[in-house]
Amino acid sequence: MLVDFWSIFALYLVLGSVVGVMAGLLGIGGGLLVVPALLYLLPLAGIDSSIAMQMALGTSLATIIFTSSSSALNHLRLGNVEVGLIKSLAPGVILGGFIGSYLTELIPTQYLPKVFGIIVLLLALQMLLALKFTATRIMPSPLKTAASGGVIGIVSSLAGIGGGSLTVPYLSFHGVEMRKAIGSSSLCGTLIAIAGMIGFVIHGVNVDNLPSMSLGYVYLPALCGISLTSILTTRVGAKLASHLPTPTLKKIFAVFLVFIGSKMFLG
């Protein structure tokens, strides 16, 4: 069933509003919500199901550029970003983000949603364990941190997410205070999204059945609609993150991941 353009565009706007709050609150780029939502909405816009997942991933990363950068700016103003950590993580997350976009071309289309679901469920398990076992480690060397950033970038781009679902628990596990972990992950998410989006544009530009108003695997109407409202609502989430207690943030994060991961894995 096809739905008219403006009705779907209105849904993009609503989706962006929710994504913005989640980005500011949890330090995620919103891909955990955008990818499954677009996987449902894009076929309604007439996009071929054979490329819907790739379009959802590429478009999600493109929206994260705006959402995470807006969220990161708000967190910078609130003093929630550790610049030194970003310098160590940046080389890895950028390279990993580009590699992840390439790997999506090697995985059969029908398995991509399940890969997404498995990744998210594993992230949820990681956070739930962190709720029970609060272990504090010092940050590893810059080289090891960059390597960890590479893994974060690959998995994040492969799942169309900004990396907050990996970066936040990684930094928190190594003793970084939760609010600073969330703020720093927003900036990392911007870097991952830029690298990943470039990869999806390159890999999708020559695909035959691309819809109009697309740039490679990035669907421009969805990008515009989601970004327009998400940028405005990230400040709301960032303010909430500065006032809510750390245990509450972790519980919200873990429950959110369980819900999304289960929905995608079970189809």
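The values are calculated or read from the model by the stated rules, or taken from the named source; none is laboratory data. Everything numeric here is computed off the predicted structure, so don't read it as measured data. No Cβ is skipped: glycine too gets one built from the backbone with ideal geometry, and neighbour counts run over all protein chains shown. Please note that ligands, DNA and RNA were not included when accessible areas were found on the heavy atoms of the full protein model with its side chains. Shrake-Rupley method; radii C 1.70, N 1.55, O 1.52, S 1.80 Å.
Summary of values
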{"item": "Pick from the range 158-184, criterion under 11 Å from the mean Cα position of the chain (by Cα) and hydrophobic (A, V, I, L, M, F, W, C), ranking: surrounded by the most Cβ atoms within 10 Å (Cβ to Cβ)", "result": "I161"}
{"item": "Qualifying residue in the range 219-235 (condition: outside any helix (DSSP H, G or I), more than 14 Å from the chain's Cα centre (by Cα) and closer than 30 Å to G46 by Cα)", "result": "yes"}
{"item": "Residue in the range 84-92 that is modelled with pLDDT of 90 or more, within 24 Å of M264 (Cβ to Cβ) and in a helix (DSSP H, G or I) present", "result": "no"}
{"item": "Test: residue in the range 141-148 that is part of a helix (DSSP H, G or I), modelled with pLDDT of 90 or more and closer than 29 Å to I231 by Cα", "result": "yes"}
{"item": "The one condition in (1) part of a helix (DSSP H, G or I); (2) open to solvent by less than 20 Å² (accessible area, probe 1.4 Å) that V155 fails to fulfil", "result": "(2)"}
{"item": "Test result for V81, part of a loop (DSSP other than H, G, I, E, B) and crowded, with 20+ Cβ neighbours inside 10 Å", "result": "yes"}
{"item": "Residue match in the range 40-61 (condition: in contact with a Lys or Arg (Cβ under 6 Å, 6 or more places away or on another chain) and either over 20 Å from T234 (Cα atoms) or part of a helix (DSSP H, G or I) (or both))", "result": "no"}
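To keep it simple, each residue is scored yes or no on (1) modelled with pLDDT of 80 or more; (2) open to solvent by 10 Å² or more (accessible area, probe 1.4 Å).
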residue	(1), (2)
M197	yes, yes
V205	yes, yes
L223	yes, yes
L232	yes, yes
H243	no, yes
T246	no, yes
L257	no, no
G261	yes, no
